[in-house]
Amino acid sequence: MEISIEDRIKELGLELPPAPPPAGVYRPVLKVDNLLYVSGQGPVSLDGSLMIGRVGKDTDRDGGKLAARQVGLTMLSTIKTHFGALDRIKRMVKVLGMVNCTPEFGEHPYVINGFSELMADVFGKENGIGVRSAVGMMLPSGILVEIEAHFELHP
């Protein structure tokens with residue numbers, strides 16, 4: 001028997017932060033056919049605060065990677081809150097990772113690995129890794145990282 005995603009999260013010793021409320025006119029998640037689209041998520045700490053700053057100025061690449069991992073936990077919380085059971089997810093399909101960084105910083109893929117590695121740990125390497133883009137830009141509220149993702153759902 002396969003372990004549930006909820007049990008896997010517990011097994012990994014992970015704690016999900018509170019799901020943030022929408023910060024504008026959009027849906028946090030949207031199911032279309034067998035796909036689940038998740039709006040851009042920021043790194044929310046367990047106390048509900050946002051991790052802010054710029055990679056290359058306020059933190060280094062490893063601090064950015066930790067923030068991207070926290071975005072993964074935030075995203076799982078958002079899915080659970082606004083969609084339901086995480087076990088309905090079959091696999092990761094697409095990730096867009098955005099890093100708030102200085103113009104000189106160029107290790108965006110390394111930072112977004114924090115998110116991708118978490119998804120591989122939670123859903124397994126076969127189902128937790130999808131296609132991905134990683135870019136640098138200015139982000140709302142000064143958050144370190146924002147990530148949006150698409151998941152395939154079980155039939």
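Beyond 15 Å, what share of the Cα-Cα pairs of region 73-120 remains, rounded to the nearest whole percent? Don't jump to the answer; show the numbers that get you there.
Values: 622 of 1128 pairs.
For region 73-120, the fraction of Cα-Cα distances above 15 Å is 55 percent.
So what's the angle, to the nearest 10 degrees on a 0 to 90 scale, between helix 61-82 and the longest Cα principal axis of the chain?
40 degrees
Let me make sure I get this right: for region 1-107, a, b and c are the square roots of the gyration tensor eigenvalues over alpha carbons, sorted descending. Under 1.5 in a/c it's rounded, otherwise prolate if a/b > b/c, else oblate. Which is it? Before the final figure, lay out the partial values.
Values: a/c = 1.83, a/b = 1.53, b/c = 1.20.
Prolate is the answer for region 1-107, as a/c is 1.5 or above and a/b outweighs b/c.
Tell me the angle of helix 108-123 to the major Cα principal axis of the chain, expressed in degrees between 0 and 90 and rounded to the nearest ten.
Approximately 20 degrees, to the nearest 10.
Go through region 84-94 residue by residue and turn each phi into a ³J(HN,Hα) via Karplus (6.51, -1.76, 1.60, θ = phi - 60°); whole Hz please, and just put x for glycine and proline.
My calculation for region 84-94 gives x, 4, 5, 5, 6, 7, 8, 6, 6, 10, 9 Hz in order.
In a shell of Cβ-Cβ distance under 14 Å around Pro17, excluding Pro17 itself, what net charge do Lys and Arg (+1) and Asp and Glu (-1) give? Could the numbers behind the result be given before it?
Details: positive: Arg69, Lys80; negative: Glu15, Asp47.
Net charge around Pro17: 0.
Only Cα pairs under 8 Å and at least 6 apart count here; give the relative contact order of region 43-90 as a rounded whole percent.
Working: 25 pairs, mean separation 16.2, N = 48.
Dividing the mean separation by the residue count of region 43-90 yields 34 percent.
Which one, Gly114, Gly124, Gly13, has the greatest fluctuation when you compute a Gaussian network model over the chain with C-alpha springs under 10 angstrom?
Gly13
Each residue of region 20-27 in turn: what ³J(HN,Hα) in whole Hz from Karplus with 6.51, -1.76, 1.60 and θ = phi - 60°, glycine and Pro shown as x?
x, x, x, 9, x, 9, 6, 9
What is the dipole size for the chain, taken about its Cα centre, with +1 at each Lys and Arg Cβ and -1 at each Asp and Glu Cβ, in debye to the nearest 20? Before the final figure, lay out each step's value.
Numbers: 16 positive and 19 negative charges, 69 e Å.
Dipole of the chain, to the nearest 20 debye: 340 debye.
So, with +1 on the Cβ of K and R and -1 on the Cβ of D and E, and no other charges, what is the size of the charge dipole of region 80-146 about its Cα centre, to the nearest 20 debye?
On the way: 7 positive and 7 negative charges, 82 e Å.
The calculated dipole for region 80-146 is roughly 400 debye.
Using the Karplus curve 6.51 cos²θ - 1.76 cosθ + 1.60 with θ = phi - 60°, what ³J(HN,Hα) values do you get for each residue of region 43-57, in whole Hz, with x for Gly and Pro?
3J(HN,Hα) across region 43-57, in whole Hz: x, 9, 6, 4, 7, x, 7, 8, 8, 10, x, 10, 5, x, 10.
Lysine pairs in region 1-91 with Cα distance under 15 Å, only those 8 or more apart or on different chains: how many are there?
Values: Lys10/Lys80; Lys31/Lys80; Lys31/Lys90; Lys57/Lys65; Lys80/Lys90.
Taking region 1-91 as the scope, the lysine pair count is 5.
Using only alpha carbon pairs under 8 Å that are at least six residues apart, calculate the relative contact order of the chain and give it in whole percent. Mind dumping the intermediate values first?
Working: 322 pairs, mean separation 50.8, N = 155.
Once divided by the residue count of the chain, the mean separation gives 33 percent.
Which net charge results for the neighbourhood of Ser116, defined as the other residues with beta-carbon distances under 12 angstrom from its beta-carbon, given Lys and Arg at +1 and Asp and Glu at -1? Intermediate values should be presented prior to the final figure.
Values: positive: Lys65, Arg69, Lys94, Lys125, Arg132; negative: Glu117, Asp121.
With Lys, Arg at +1 and Asp, Glu at -1, the net is +3.
Among Ala67, Ser141, Gly24, which residue has its Cα furthest toward the positive end of the charge dipole of the chain, with +1 on Lys/Arg Cβ and -1 on Asp/Glu Cβ?
Ranked along the dipole, the leading option is Gly24.
Since every read-out is calculated from the coordinates, none of them should be taken as a lab result. This is a predicted model, so every value here is computed, not measured. Positions of Cβ are backbone-derived with ideal geometry, glycine not excepted, and every protein chain shown enters the neighbour counts.
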